[in-house]
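Below is one structure, written out as C-alpha cells; the observations come after it.
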Amino acid sequence: MSIQWYPGHMARARRLVQENLKLVDVVIELLDARIPASSRNPLIGKILGGKPHLVVLNKADLADPDLTRAWVDWFRARGLPSVAVDSTRRKGVAEIPVLVRRLVEDKIAPLAARGRRPRHPRCMVVGIPNVGKSFFINALVGSRVTRTGNRPGVTRGQQWVRLARGVELLDTPGVLWPKFDDPQVALKLAATGAIKEEVFDVEEVAAWLAEWLLQSFPRALEERYGLERLPARGYQVLELIGARRGLMGPGGTVDIFRASVYLLKEFREGRLGRFTLDLPPG
Ligand SMILES: Nc1nc2c(ncn2[C@@H]2O[C@H](COP(=O)(O)OP(=O)(O)OP(=O)(O)O)[C@@H](O)[C@H]2O)c(=O)[nH]1
Ligand SMILES: [Mg+2]
C-alpha cells in the first residue's frame, strides 16, 4: 500500500466508497482467502449499510482448500453468498455475475412481472490494498470488454464494464483500510504481503511466520529446506534456512534479514504449500 492509514485517509476512503455505493445494487467484498478475517475492513458492515453484498475469497490458489471451503460455508451460513477465486488464472470468476444477478432478483422480479424491462444490475468491488482488486476486476472483465460511457455522479475516469448476464461493474474498486490495532492481524497482513515492507519489521514478521509454520506445519519446513531436526523458535528456523540457502552476511554468519526476506517471499509465492492463517470462528 502506498499510504499509511491515518484518520483523514480513512474518512476519505469511506466517503469515496459511500459515494459510489449509491450507484450500485450489489457490493463485492474481496478478501484474501489466506486471511479472510484479517483482510476484512473492521467497519465493513457499517460502511455498506444494508446494501446486498457478496464475499469473494481471492488468492484461493495460495490458501488451504479445506479451510477455504469452511470459510465459504461460514459466510453462506451468515446469509452472505460467497465464492473462492484465483484471479491470476481466472478460476471461479464465472459464477460472480450469476450471484450478483441473484442478489437483485427480488428487486427486479416485480418490475419484470409488470412488463417493464429492468435496468442492468450494477456492482462494485471493495477491499483492502493488495488483496487483488485489480487482478480480480481484470479476471471478471476478461477480454470481451464493453465499456459504457461515463455516468453522472461517477468520478471522472471511472467507467462501467458490461459482464455476463447483463451485469455492469464499476471498473474502479473501493479501497478500504485493514484492521491494524491488533498485533496478530498486523503480523498476518504483513506475512501475506498486504502491508508494505517499509512499515513493518521484516525480521519480526518472518520469525513469527517461521514459528507459526513450526507449530502448524513443521513438515513443510523440513521438506522445503531439508531440515532434519527443527529448533524450538522461529528465529532459529531463519538461521537454518539462511545457512541452507547460503544467505550469509559479512563475517560468515547468516544474514537474518536476508533469510527473513527469503522466507516471506517463498511463503507468499506458495512454495511451502497452501496455508490459511485465519480459522473460521466457532
Ligand atoms: N496467487 C495469486 N495472486 C494474486 C491473485 N490475485 C492477485 N494476486 C497478486 O496480488 C498482488 C496484488 O494484486 P492487485 O490486483 O494489484 O491488488 P490490488 O487490490 O489492486 O492492490 P492496490 O491497487 O494496491 O490496492 C499482485 O502481485 C497479484 O499478482 C490470485 O488470485 N492469486
Ligand atoms: Mg489495484
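List of remarks:
- Among the conditions (1) within 15 Å of ligand 1 (Cβ to nearest atom); (2) within 30 Å of Ala220 (Cα to Cα), the only one that Asp73 does not satisfy is (1).
- Of the residues making up the range 35-70, those that are within 14 Å of ligand 1 (Cβ to nearest atom) and of a type in the set (A, V, I, L, M) are Ile35, Val56, Leu57, Ala60, Leu62, Ala63.
- Within the range 80-137, the set of residues being in a strand (DSSP E or B), within 13 Å of ligand 1 (Cβ to nearest atom) and within 23 Å of Gly174 (Cβ to Cβ) comprises Val83, Ala84, Asp86, Val125, Val126, Gly127.
- Inter-residue pairs, beta-carbon under 8 Å, first open to solvent by 10 Å² or more (accessible area, probe 1.4 Å) and in the range 121-133, second within 9 Å of ligand 2 (Cβ to nearest atom) and aliphatic (A, V, I, L, M), 6+ apart: Pro129/Val175; Lys133/Val175
- Scan of the range 14-39 for residues that are crowded, with 20+ Cβ neighbours inside 10 Å and within 16 Å of ligand 2 (Cβ to nearest atom), ordered by number: Val17, Asn20, Ile28, Glu29, Leu30, Leu31, Asp32, Ser39
- Restricting attention to the range 98-144, the residues that are in contact with a strand residue (DSSP E or B) (Cβ under 8 Å, 6 or more places away or on another chain) and away from ligand 2 (no atom under 16 Å from the Cβ) total 8.
- Evaluated against (1) under 23 Å from Pro42 (Cα atoms); (2) exposed (fewer than 15 other Cβ atoms within 10 Å of the Cβ); (3) without any contact (Cβ under 8 Å) to a residue 24 or more places away in the chain, Phe200 falls short on exactly one condition, (2).
- Qualifying residue in the range 25-47 (condition: in contact with a Pro (Cβ under 6 Å, 6 or more places away or on another chain) and either of a type outside the set (Lys, Arg) or outside any loop (DSSP other than H, G, I, E, B) (or both)): yes
- Scan of the range 220-230 for residues that are assigned to a loop (DSSP other than H, G, I, E, B) and touching a residue at least 12 places away in the same chain (Cβ under 8 Å), ordered by number: Gly226, Leu227, Leu230
- Scanning the range 180-219 for residues that are assigned to a loop (DSSP other than H, G, I, E, B) and acidic (Asp, Glu) yields Asp181, Asp182, Asp201.
- Here Gly50 passes the criteria (1) in a loop (DSSP other than H, G, I, E, B); (2) surrounded by 21 or more Cβ atoms within 10 Å (Cβ to Cβ) except the one numbered (2).
- The range 76-92, residues that are surrounded by 21 or more Cβ atoms within 10 Å (Cβ to Cβ) and within 16 Å of ligand 2 (Cβ to nearest atom): Val85, Ser87
- All positions within the range 165-197 that are under 21 Å from Lys46 (Cα atoms), in contact with a strand residue (DSSP E or B) (Cβ under 7 Å, 6 or more places away or on another chain) and open to solvent by 20 Å² or more (accessible area, probe 1.4 Å): Pro173
The values are calculated or read from the model by the stated rules, or taken from the named source; none is laboratory data. The shown structure was predicted, so the numbers you read here are calculated from the model rather than taken from an experiment. In this analysis, Cβ positions are derived from the backbone assuming ideal geometry, glycine residues included, and neighbour counts consider all displayed protein chains. SASA here: full protein model, heavy atoms, side chains in, ligands and nucleic acids out. Shrake-Rupley method; radii C 1.70, N 1.55, O 1.52, S 1.80 Å.
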